[in-house]
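Every read-out reported here was derived from the displayed coordinates using simple, explicitly stated rules and does not represent laboratory data. These numbers come from a predicted model, not from an experiment. For neighbour counting, all protein chains shown are included, and Cβ atoms are generated from backbone atoms with ideal geometry for every residue, glycine included.
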Amino acid sequence: MESYQAEIAAAAARLIVEEGLDYGAAKRRAVKQFGTGRRGGLPDNRELEAAVEEYIALFCADTQPQELRALRELALQWMQRLARFRPHLGGAVWRGTATRHSDIYLQLFCEDSKAAEIALIDMGVRFEVRSVPGFHGELVDALSVHVRCDTVQESIGVHLLVYDQDDIRGALQPDDQGRRPRGDADALRRLMENMQP
């Protein structure tokens, strides 16, 4: 990685870990920090993920495993509550790079796109609806709730991305490194069993 890309990746990694920014927003802020006079390509998401892992190992090794476990436990609770929508966990909580500042991203696969909203209303859960880019750039509904996680003493964003039930087939394809980009509740339980105490 070029020196400029390495600097951007390091700065963006700090923003992701310390402030909970997503990769795109972190790259944009990192570029602004270095000013517009410098030119060079941006790190790709794989390079940025490696920088995040390095940052966590250097600065958060004593707290991050417990924070990750707490977020995975919270994600599992929501997956159990929404089991009829075949929830799958993705993002930093799935990949293992989450900290107390990370949000939880669950993909729901519904026969009726409004069914998840109705389920939340029936549970008495307040949520916000917005549209976000989906797996292939298409817009999907995101139902966002904020939940207190006492273990990390933070309010955690839980974002439920609503897909058509047939979209699950393509959602489970491995990435270019052969890793699963998301997993269901059973896969999450296996990850948690293999975590260091």
Any hit, region 125-144, residues being small (Gly, Ala, Ser) and touching a residue at least 24 places away in the same chain (Cβ under 8 Å): yes
Selection within region 152-162 - in contact with a helix residue (DSSP H, G or I) (Cβ under 7 Å, 6 or more places away or on another chain) and part of a strand (DSSP E or B): 156, 158, 160, 162
Matching entry among 137, 170 (being more than 16 Å from the chain's Cα centre (by Cα) and part of a helix (DSSP H, G or I)): 170
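Residues that are in contact with a helix residue (DSSP H, G or I) (Cβ under 9 Å, 6 or more places away or on another chain) and among the basic types (Lys, Arg): list the helices (runs of 4 or more DSSP H) wholly contained in region 39-97 that include at least 3 such residues.
Where helices (runs of 4 or more DSSP H) fall fully within region 39-97 and carry at least 3 residues being in contact with a helix residue (DSSP H, G or I) (Cβ under 9 Å, 6 or more places away or on another chain) and among the basic types (Lys, Arg), they are 64-81.
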Residue 86, sole failed condition from (1) of a type outside the set (Asp, Glu); (2) out of contact with any Lys or Arg (no Cβ under 7 Å at 6 or more places or on another chain); (3) surrounded by 18 or more Cβ atoms within 10 Å (Cβ to Cβ): (3)
Matching option when the condition is β-branched (Val, Ile, Thr) and free of Cβ contacts under 8 Å to residues at least 24 places away in the same chain, among 52, 31: 31
